[in-house]
Amino acid sequence: MTTTPFVKLDGVAKCWNGQLGVEGITLDIPEGSFTALLGPSGCGKSTTLRLLAGLELPDEGKILIDGKDVTTSAASDRNLSMVFQSYALFPHLSVAENVMFGLKVRRVPKKERLEKLRRALEITGLFGLEDRKPGELSGGQRQRVALARAIVAGQRLCLMDEPLSNLDARLRNAVRKDIKKLQRDLGITVVYVTHDQTEAMSMADTVVLMKDGHIQQVGAPEDLYSRPNNTFVAEFVGAPPMALMQSSVLDGFGDDKTIGIRAENIQIVPKGEGRMRCTVNESEFLGAETLIGLDHARTSGLCVLKPGLSMMADGSELDITFHDENLHVFDAAGQRLAG
């Protein structure tokens, strides 16, 4: 039995002055899910979000929210909330006034406004900061105000456009956990735009990876990591990215194919016992492990992980091996072959 998706984009396309924004965007988003639109700058993820929000109208295709065709509807008629990268707070208003601004505009009764405010402040950990202005808050606190404003809106769909990109690494980690917990506790549907694969992989139920205005793969984070559709997905998802080599480097794979291997599936073995002899080009200590970068003809991104502090001299040689079941095989066009 199939269920109707809460959000549906069907063949959506958008161009500006003949320049492609997005094309052929078809996507089903279940209610209560957390979907991340991931990809490099210019891939079309923010355009897709703006089309969904009603801030832009598509040239082709349809957009449905909760079964209603909203393709040409105004943003105000789409029953959704948004959290922006820039916080979009009024600097002259207090935290409480910022959070309740939309409710006041909609003439929600004061008693109801205050109750919604209390709950939102409790959920976002902003109690005690109600009277402060945005300029008196840290970046993380300002983003929590933006989240609180989205919460009081009470909408079932919340769109987030790179909300953590202005925060430092420590704050990003903290607010990332806040957002995921809020989404689960409130049961809302979140569509989240990011260029940061760590955010997408750690927060989302479904990742939509985009490139040049097209969707490359849709799936659970573990699917994109373990079974990438193509070499772009293989190299974009994962830290370090998947290493790629020409099939002629290995026996039994023929020509005109690309072979991928993850660093954790590579082992260093005594000289003469490996499948490949490589030259060390860098050693990067990461704390729990050391990343050893390797050079080999007709390969890119080849590296191996060693536990703890395991620095190796640049230019030294070592042998590596790996099992065929851990290899990913792509055709001449970079598309995954069966298996």
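The values are calculated or read from the model by the stated rules, or taken from the named source; none is laboratory data. Keep in mind the model is a prediction, meaning the values are calculated, not measured. Positions of Cβ are generated from backbone atoms using ideal geometry, with glycine treated the same way; all protein chains shown enter the neighbour counts.
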**Study point:** Pick from the range 257-277, criterion among the β-branched types (Val, Ile, Thr) and under 12 Å from Thr299 (Cβ atoms), ranking: surrounded by the fewest Cβ atoms within 10 Å (Cβ to Cβ)
**Key:** Ile259
Point to revise | Residue among Arg172, Arg184 that is of a type in the set (Lys, Arg), in contact with a Leu (Cβ under 8 Å, 6 or more places away or on another chain) and not in a loop (DSSP other than H, G, I, E, B) | key: Arg172
Point to revise | Subset of the range 299-339 that is surrounded by 14 or more Cβ atoms within 10 Å (Cβ to Cβ) and among the β-branched types (Val, Ile, Thr) - its residue that is farthest from the chain's Cα centre (by Cα) | key: Ile320
Practice item. Can you tell me which residue within the range 63-84, out of those that are modelled with pLDDT under 90 and surrounded by fewer than 17 Cβ atoms within 10 Å (Cβ to Cβ), is farthest from Gly154 (Cα to Cα)? Key: Phe84
Check your understanding: Out of (1) under 18 Å from Met160 (Cβ atoms); (2) crowded, with 20+ Cβ neighbours inside 10 Å, what's the single condition that is false for Ala88?
Key -> (2)
Revision key, fill the gap. Per the filter on the range 183-216, residues on the phi > 0 side of the Ramachandran plot and at pLDDT 95 or above are Asp212, Gly213
Revision key, fill the gap. Only one of Arg118, Arg113 is out of contact with any strand residue (DSSP E or B) (no Cβ under 7 Å at 6 or more places or on another chain) and loosely packed, with under 15 Cβ neighbours inside 10 Å, namely Arg118
Review point. Which one of these is surrounded by fewer than 17 Cβ atoms within 10 Å (Cβ to Cβ), of a type in the set (Val, Ile, Thr) and not assigned by TED's automatic domain parsing to the domain that holds Lys257: Thr206, Thr198?
Key: Thr198
Point to revise | Whichever residue in the range 166-197 is among the β-branched types (Val, Ile, Thr) and closer than 24 Å to Val22 by Cα and, among such residues, is nearest to the chain's Cα centre (by Cα) | key: Thr194
Study note, to complete from the structure: Scanning the range 174-219 residue by residue, those free of Cβ contacts under 8 Å to residues at least 24 places away in the same chain and either over 21 Å from Gly11 (Cα atoms) or of a type in the set (Asp, Glu) (or both) turn out to be Lys177, Lys181, Arg184
Check your understanding: Quick one: what pairs do we get from the range 117-132, first residue in the same structural domain as Ala153 (by TED's automatic domain parsing), second hydroxyl-bearing (Ser, Thr, Tyr), C-beta under 6 Å, 6+ apart or different chains?
Key -> Asp131/Ser94
Practice item. Scan (1) modelled with pLDDT of 90 or more; (2) within 22 Å of the chain's Cα centre (by Cα); (3) in a helix (DSSP H, G or I) for the single condition Met160 breaks and write down its number. Key: (3)
Practice item. Please work out if Gly135 is closer than 30 Å to Thr35 by Cβ and surrounded by fewer than 17 Cβ atoms within 10 Å (Cβ to Cβ). Key: no
Exercise for review: Select from the range 192-229 the residues that are polar (S, T, N, Q) and outside any loop (DSSP other than H, G, I, E, B) and list them in ascending order.
Suggested key: Thr194, Gln197, Thr198, Ser202, Thr206, Gln216, Gln217, Ser226
**Study point:** Residues of the range 37-96 that turn out to be of a type in the set (Gly, Ala, Ser) and assigned to a helix (DSSP H, G or I), as a count
**Key:** 5
Review point. What about Ser46, is it at pLDDT 90 or above and closer than 15 Å to Asp161 by Cβ?
Key: yes
Check your understanding: Do the conditions hold for Gly254, that is, is it at pLDDT below 95, surrounded by 18 or more Cβ atoms within 10 Å (Cβ to Cβ) and touching a helix residue (DSSP H, G or I) at 6+ places or on another chain (Cβ under 7 Å)?
Key -> no
Point to revise | Residue identified as touching a strand residue (DSSP E or B) at 6+ places or on another chain (Cβ under 9 Å) and in the same structural domain as Lys180 (by TED's automatic domain parsing) among Ala53, Ala96 | key: Ala53
Check your understanding: Does Gly18 fit the bill of being modelled with pLDDT under 95, at positive phi and of a type outside the set (Phe, Trp, Tyr)?
Key -> yes
